[in-house]
Every structure is written in structure tokens, then in C-alpha cells.
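Just so it is clear, none of the values below were taken in a lab; they were calculated from the coordinates. Quick caveat: nothing in here was measured; it's all calculated off a predicted structure. No Cβ is skipped: glycine too gets one built from the backbone with ideal geometry, and neighbour counts run over all protein chains shown.
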Amino acid sequence: MSSEPRRVFSLPRRSARRIRDDFERELAFHIDMRVAELVERGIDGAEARRIASAECGDLDDARRYVGAIDTATETAVHRRLTMDGIVQEAVSAARRLRRARGFTVTAVLTLSLGIAACALMLNIVSGVLLAPLPFRDAGQVAMIWGYMPSIDLGYSEQPLFGRYVTTIRDNVTAFSAVAAFRARAFNLGDIALPERLDGIEATGDFFQAMGVSAEAGRFFARANETPGSDRVVVISDGLWRRRFGGDRGIVGRTINLNAEPYTVIGVAPPGFAFPRGAEMPADFEFPAKSDLWVPLRPPANGPSDLALVGRIRPGVTLDAARTDLRRIEGIEERLIPQGKGSFGTQLVALRTQVVGKTEPMLLSLMAAVALLLLLACVNIAQLQLAQLQRRRRELAIRSALGASHGRLAAAFVTEVLLVTTAAGVIGTTLVWAGMRLVQVYGTDRLPRLTDTAFDARSALAALCATALAAMAAALLPAWVARRSPLTDALRSGGRGLVGGSVPARARQALIVAELTLSVVLVASAGLLARSLSHQLRSATGFSAPNGLTFEVTLPPVRYAEQQFRTYMEHPAAVQFFTAALERLRAVPGVQAAAIGKPLPLSGAQEATVFTPEGAPPPATPAQTPVAEYTVASSQMFQALGTTMIAGRDFDATDHENTLPVVIVNQSMAKWLWPGQSAIGKRIHVGLYDMNPPWMTVIGVAADLKRYSLTESPRPEMIVPYTQKPYPSFSTMQFVVRSTTPVAQLLPALRGAIAGVDPGIPVSRVRTIGDLVAETSATARFATAVMSAFGVSALLLAMVGLYGVIAYGVQQRRQEFGIRRALGAAPRQIVRQVVIEGLRLAAIGVVAGTLLSVVAGRVLRQMLYEVRAYDLVTLGGTGAVLALAAVVACLAPACRASLVEPKVALEDA
Amino acid sequence: MDPANLLQGTLDVLVLRALVWGPMHGYAVSRWIGERTDGLLAVDYAPLYKALHRLERAECVSAYWGVSDNGRRARYYKLTAAGRQRLRQEESAWRRYAAAISRVLEPA
């Protein structure tokens, strides 16, 4: 009699046929035994067989009954044994993991980090880059911008004139719809307590071009461009829910916008907030998200301040549409011959517009995350190898007791699964928290991030990828170890010599790989950080520790203005600003208060052609000089902390009845009048043959950064708002410098504005520091993420190195004992161990540095004034790695030096 | 007693009782029942094996293939802990039942 061994995992299930056969065999045995018994009693064989079968009873019934019952038993037993096996395996794996606490904690943390980083980037990339834009046939939507190759305005996407909409509608067949739009702020509600909203003025075909359908009501159309039917508004889903409680009755109601009645005709679909500031060129200063849309009649004249969006007809490619669009250049040139060469256009697919600038950064970070994951896996392999070394005896014993390779592999897999599960829980929590952090931190500069929520699929994908990678990383060493006979381990007492056995050499190769990868990540983070610090230290032209900026928007009903008119034509607006400045300057603590349009790093900049006095006429009108054009009050430079290099600021003597004056920036002065004083020189706005009044240069100011910290300075002229000959007054930016902290000042400043007109809200309140921070937000984001990766990589590499060295020291206790016995000082032993660690680190640093140059070239679009082979960064990285290596080696080195000489005598 | 009228539960008790002596194959169980009752109860194979497999399904016995005394492969049945408990319950129920019946039949 033998007992049935309980087999785990590989329990074969009996087939129905097998069950039947087994039962027949059982019955046959019974009958044979009965017959044998009867024969023994002297009954004849044939008679005995007859008696035996007579005793059977209803065998067919029994066969059916037993067949059914055995099948059920088989299933139940199989299921229970499998479950038992898994539970038993998991329990024993958990017990082993608990015994190797250091290994378990390190492995779980390493993998959590890998999963979290991987899932987070995957989440962001899939949300921002991969998810389709929420518009119908979004691939057919494209932005149309102006393009003047002869003039560098510092940005490539230039605004267009209103007449382009009509020209394109009438002449370019490639588009089924085209619309122009621009930002406009609205004060919603009654005079007493208005709320400022960011709105968009758009021509009739806007929603048709975008390809969205109304949540409620309808959108406006081209018919709404005509006066009389243009006081209609489409509101965003967010505004509808927040302000109007999601009431469908809102359609048809009238609301007050800028003190004028508008009829709500529709609600945009949820999530529609086009255009969002982060998705559009920075110089357009579109709001972070748009809350309402009103119809715009394509302005026949006026400044070029429109963005155009078009829907390309189905079947027409972007290139074909681009070619078709070029036809308007000829039309424009026939219309305005002197502008020849300045009517270029460009067509940019909406997706490219929205994420194009972010794509390289996100892909770089994704690549970095892949490196980090690789590093995490190498670390797991490393840890597993160490575990394997430590467990050689245990494995050998289990193997000797009859555990198959499959059984041992199952044990490994179970351990890794347990570790991965724990890491998955921690990692997913980290991702969830990370996404919230990213959304708080990154939405204003990363496009589409508002729509990107925590995505369980990304987390799951990252989890699976990491689990698979970890499994491979964990099984590889097991597979390597399989080749070295485990019985050796029994004989040799489980001693592997560093530099000798296969696993030891594999461990050294792995640690060098880890160090190399971490050098790449640390160097990449270093490059981005250096680039960021260059940006932050670059001369912005302003500095105001207690500077505050804010905006006010004047409703045109009460502050009427006409384009192309002088100051005299909008006295109400000028009176408002003059009175507001007076009150602001009277607030205690205020050192200087001014208006500027725009303030640096805070808004769309006008540019204008101009003519300097005495210059020869340009060869073609397109070669007429261009400069940035800023409107300001007195004290703007003082409030911003900008140096006046020569001359004076505007003052009360500069008004509509005195000589027109202008302040130029340093770049403009150097460009126009190199080696001379600019003071007293004269320029006028417009082409050579035009005849507006001459403006006399009264001052030269330091260059101001206008759009980004990385731009190079461009010529700029600043004119006093009291003599302002050109743009609109409707939205103006204030800057206030004070001796007291700005937060305390804000109520008083609001009070000052309300004192002039209580119906005008103060909005977009930002400190001067905020302006710089917002402008460098993308660089900060990339640097922060990459630094996190770099630090993680460094920690992982240190853990790995520590593991290798500590293990080596443990294995060579006897050797150290002999050295001590032979008179080596503890310090010598410490040095010896540290040098061994440093030798591994050195190989990693050299290999990593070479790879870092490659990584730097990948990152170069994100680098400002830093080269890919930046010696400071690479040198610094090497130093950091060396230091990290020393720190990682120190503890084991000390342990080695403390080995007692008597250990030399111990039995190995 | 006619074997055909043997109650199903009674047969189960007998089988369990037989297995108290240790693991047995089906033939040994039938021999044991025959011997214990001096041949009074001769159980047909069909109901016997139905009972054995039923008890296996109920986890009162576990079965495995072993080698019999004469060197042939035979299916052995072994009482499980659940089987022991079931036997105890059935035994006391049976004793109470038998006592009740004999009290009825005894001359007053």
C-alpha cells in the first residue's frame, strides 16, 4: 500500500473516459476477488463467476450514478488542491520574504518607484499626446497664422487682419469653414458685484470649424455677425453649471456682459474651453480657459490681432490646403502693393499647435522614465542575485529533497508576484497622488492636462509592464544560477568569491549598468537645472520683490473708444486711468504705481513699423524697420525696478498738448544710433512716406523680457498713454511697487480702483515673481520631474552598489581577518574596500558620461545657454556619483575593517 | 432483512463503520459487512459502490489507488475526520432509533 503524494500546480484532471475506466477496473477487481474466494471454497470457476455477477445488482444504474458523482468530486478536489497549493506557496513565499526583510523592503520600494514613475508619465503622455482632441474629425482642424520671413518678431505665429477671414471664405476652397477669434474680457452681472470672465470674440463659423455640438440650445452662425443680431452669447458648460446651476432654461435668457444685454443662445459641450492659453502661442495671451463666446464681425480695419482656425474639407490634405491658402498672398499684394512680401501665411494642424511644443519634453521624460524602469529592473535582478547567493544552501537542500527546477521557479515567481503586488498597491497610490499634484502644479503650462485625470488603464499597463520586467529580472539570475550545479553549494558551504563565480561577475556587470544609467539621469537633470538657472538668472530687465500686477477691463459702453484715434477721442478711459493712478499712488506704502500695455511677461505685445528721422528710404516697404510698441504711464520703470540708462521718465508735462515723446529700449538705441546718444533723436510710426507726428526720444531704458526668459532682446519703443496714438485701452495692466508685503496691500488697491468706478473688477492679480514663475513653469516642470528621476536613480544605484560591496565583504571575512592578522591597519582595509567600489563607479561614470552627451543632444530643445556636453554638469555628475559610491561603500568598508584577526582561523 | 430494503443511510453507516478499522477497498468492505452480520446482510455491489463514491463526494472518505495483498491495483477508501464525525452522529441516531423500535416491539 502506498500513499498518494499531493502534487502542487501540476494536478492532472481525470477525463470522463478515465473516470469510467477507473470505475470498471474497481468493479472488475471486486468481481475477481469474489470469484477467487468462491473458487477457494471449491466452487467451479464458471459457477463462481455466475454467482458473482448475480450479486451485482443494477450495475448500469451504478455506472451512471458513480460517473456523475465522480466528475463532480474530481472538479471540487482539483479546485481545492490548486487553491491549497497556491495559498501554501504564497504563505511560504511570504514567510521567506519576511525573513529576508532587507531584500523585500528594497525590492518593494524599488518597484513602487518604477511603477509610479512609469504610470505617471504614461498617464500624462496618453492624456496629452495620444488622446484625440475632443472635436469632430479633429485632424481636419488647423490654425492659420501670418508669417513674415523678413521680420523677426520673436515668435513664429503672427496674428492676422480681420479681412483675411472674408478673403479666405471667398477664395480658398480647401476650407469648409474658417473663423477668426480673439480674447476679450467680460464683466458679468450687475454693476455692484461684477464677475470678470474670460471670453472669446469669434466670427460666425467658429463652432462649425471646431466641430462640436451644443450641449443645450444652439451656437451662433454667420448671420449673428450683423449688428442687431450680434448680442448673443454661448456659455461654457462650466460657467453654466457654476453660475446658473445647470438650468436648461438659461437658453433664451438675457445676461449682462460689460453692462450690455446679451441673449444666451447655447451651452458648449462639457470640457470645451477652446482656445486655452496653454495650447496657443504665448504671445496671444489667451485666457487659461474660455468661459463664453460672442459673435464677432470680421473687422475690416484695425490692428492685426486675430487668430484664425479653419476646417479643411474632407479628403483634402494639410499640404494641399496649405498650397491653396497661399493664393491669398497674391490677392493681398494686389490690394496693398507696398506690403509685398509681408503677407505670408502658415497652416498648422491643431494637434501640432496644441501639443507640438510639449511633445519633445514629454517624450524626453518618457525616455527618462524608461531608463529609470530599466534601472529598477536591474536593481531587482541585482537583489535577486544576491538573494540567490545567500540562499544557495537552502536551494540546494530543497533541490536535494526532490524539488524540481519547475518547483523552485514557481517559488521564485510567487515571491516576485507578492513583491510586485505590494509594489503595485504602493505605486498606484503614488500615481494617484502624483496626478493630483501634477494637475495642481502643471495645468497652466502643460496643454490638455486639465482633461487628463487619473487613468486606471495607464496604471494597469505600467503595473503589468513592471511586473513582467521584474519577473524577467528576477528569473534571469535564477536561470543563470541553474547552470552552476547547486550541489557545489552544499560542498563549498555556499561561498561564492567576488570576481570568481558567474553570479558574482554578473552582479558586477549589473552594478556598472546601474551606475551608467543613473549617471545619464543625473546628468540630464543637471542639464535641465543648469538651463533653468540660466533662465532665472538671465536679465529680465525688471526686479521688484514687492511688486504686484493686476488687470482691469473697461466696458466699452461707458468707456467708448474708437480705433486709430488719439487720446482726445476716449477721454473717459484716460480719465479713469489718471484718477486710478492718483488714488493708487496715495495708498500708504505704495512707492510707485503705473499702467503698461503690456507689462513684461504678461501679455500680447504690439509691434509696429516705424521710420527714424534722417534714415534713407527702405529698398522695399517690407524692409521698413519694426519695433515692439508699448503704452505706459510715468513710473512704470520705477515700479518694475527697470534701470533708466539715459534721459528721463514720462511726467505730467507729457500730455496731448505737448510735444510727442517716446522712450526706447537699449537694443533699439544701439541698433538705430550706434555710438551716439539716442536722446533728442526723432522717429515716427508708420511707413517712410506716411506723415504722422514725429516723436522725440527722451529716455533709454534697459531691455525687458517680453514673452519668455529665453528670448533675445528686440527693439522696443514705449509711448505715454496720455499721447497714445494707436491701440485699445479696453484692458490695461497695472503694476504697483510697495514697501510692505503685497498681500496686505491688495484690499487697499482694490479700494482705490473701486473708488474711481465700483463697477470695474480687479482681476489677474499676480506678483512680479509670479510672472517669472509662470513663464518658466514648463522648464520648472521638466526640471522637477527629471530631478526626481535623477535622485531616484542615484538612490537605486547606491542601494545596488551597497548590496554588492556588502556581500563581497561578507564573503571575504576570512581574507580580511588574515590581513588584520598580518598587521593591516583598519584604515587600510577601509581604503581597499572603498577603492574597489570606486573602481566599479569609475567604469559606470565613464560609460554614463558618454551616454549623457547623447541624452543631452536629445534634450537640446529644452536647453538654454547650456551645451549637451556641459563640462560643469558632467563633472558635477561624476563628483556626485563618486561621493554616492563612497557613501554606499563606507558602511561595508567599516564592517570589513572591524573583522577580528581571529576570523582568519575560523573554518570557512 | 431484505437487502433491497436496506435504507440508504444505513448502508452509509455500515461502510463508515467498516472503514474505522483502516483503509480498505470495496471488496474488503463488503466482506467485513458480510462477516460482521454473519452473512445476514449481503450487500449488492451496485449500491455498495454508489455509497462509497457518494461518501467520497461528501468528503467522508478519501480514495486512492493502492496495491492489494495479492499484488493487484485496487481503489482504497480511508475514513476522513469528517467521516468519523458523521459516523458518530449516525451511530447515536441509529441507536436511539433501534432502541425506540425494540421498545415498541417488546412485550409489555
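Once the Cα atoms of chain A are picked out, what are the Rg and Dmax in Å?
39.1, 147
Report relative contact order for chain A in percent, whole number only (criteria: Cα-Cα under 8 Å, sequence separation at least 6).
15 percent
Taking H as built 1.01 Å from N, whose amide H comes closer than 5 Å to the amide H of B:THR80, not counting residues under 5 places away?
Long-range HN contacts for B:THR80: B:VAL61, B:SER62.
Quote the FRET efficiency, to the nearest 0.05, computed for B:ALA100 versus B:LEU40 with a Förster distance R0 of 35 Å and r equal to the Cβ-Cβ distance.
Given R0 = 35 Å and the Cβ-Cβ separation, E is 0.95.
222 nm [θ] for chain A, helices only, -39500 (n - 2.57) per DSSP H run of 4+, per residue, to 500?
-17000 deg cm²/dmol
Across peptide B:23-33, what mean number of C-beta atoms from other chains lies inside 10 Å of a residue's C-beta?
3
With a 10 Å Cβ neighbour count serving as the proxy for reagent exposure, in which order, fewest first, do A:TYR164, A:TYR869, A:TYR147 appear?
A:TYR869, A:TYR147, A:TYR164
How big is the gap, in Å, between the Cα center of segment A:169-236 and the Cα center of segment A:348-414?
52 Å
Which FRET efficiency value, to the nearest 0.05, is calculated for A:ARG326 and A:GLN623 with the Förster distance at 22 angstrom and r the Cβ-Cβ distance?
Efficiency computed from Cβ-Cβ geometry: 0.50.
Any idea what the relative contact order of segment A:16-93 is, in percent, if you count C-alpha pairs under 8 Å spaced at least 6 apart?
38 percent
Over 20 Å apart: what share of the alpha carbon pairs of segment A:555-759 falls there, rounded to a whole percent?
When every Cα pair of segment A:555-759 is considered, 58 percent fall beyond 20 Å.
Please compute, for peptide B:53-62, the average count of beta-carbon atoms on other protein chains lying within 10 Å of each residue's beta-carbon.
4
Antiparallel versus total DSSP beta bridges in chain A: what percent is that, nearest 5?
80 percent
If we count other beta carbons within 10 Å of each Cβ, what is the order of A:GLU774, A:GLU415, fewest first?
Fewest-to-most ranking of A:GLU774, A:GLU415: A:GLU774, A:GLU415.
Going by alpha carbons, how many degrees (0 to 90, nearest 10) lie between the helix axis of A:826-859 and the longest principal axis of chain A?
Helix A:826-859 and the main axis of chain A meet at about 50 degrees.
Evaluate the relative contact order of segment B:3-105 (contact order divided by residue number), counting alpha-carbon pairs under 8 angstrom at least 6 apart; express in whole percent.
RCO, segment B:3-105: 29 percent.
Cross-link partners among lysines for B:LYS50, C-alpha distance below 27 Å, same-chain residues fewer than 8 apart left out?
Of all the lysines, those that pass the test against B:LYS50 - Cα under 27 Å, at least 8 places apart if same chain - are B:LYS78.
Quantify how strongly other chains surround peptide B:66-79 by giving the mean number of their Cβ atoms within 10 Å of each of its Cβ atoms.
That works out to 3 on average.
Going by alpha carbons, how many degrees (0 to 90, nearest 10) lie between the helix axis of A:777-811 and the longest principal axis of chain A?
Relative to chain A, helix A:777-811 is tipped by roughly 30 degrees.
What list of whole percents do you get for P(r) of segment A:1-135, with Cα-Cα distances grouped in 5 Å bins up to the one holding the largest distance?
The percentages, shortest bin first, are 2, 8, 9, 9, 9, 8, 8, 7, 7, 6, 6, 5, 4, 3, 3, 3, 2, 1, 0, 0.
What nm distance separates the two modelled labels at A:MET83 and A:GLU47, each placed 7 Å from Cα along Cα→Cβ?
5.6 nm
With everything on Cα atoms, drop me the angle between helix A:59-99 and the longest principal axis of chain A, reported from 0 to 90° to the nearest 10.
Helix A:59-99 sits at roughly 60 degrees to that axis.
Give me the lysines in straight-line cross-link reach of A:LYS724: C-alpha distance below 21 Å, same-chain residues under 8 apart excluded.
The reachable lysines, counting only those whose Cα sits under 21 Å from A:LYS724, are A:LYS597, A:LYS681.
Report the per residue volume, in Å³, of the convex hull enclosing the C-alpha atoms of segment A:100-152.
In segment A:100-152, the Cα convex hull volume per residue is 128 Å³.
Can you tell me what the convex hull of the Cα atoms of segment A:16-93 projects to on average, as an area in nm²?
Average projection, Cα convex hull of segment A:16-93: 7.4 nm².
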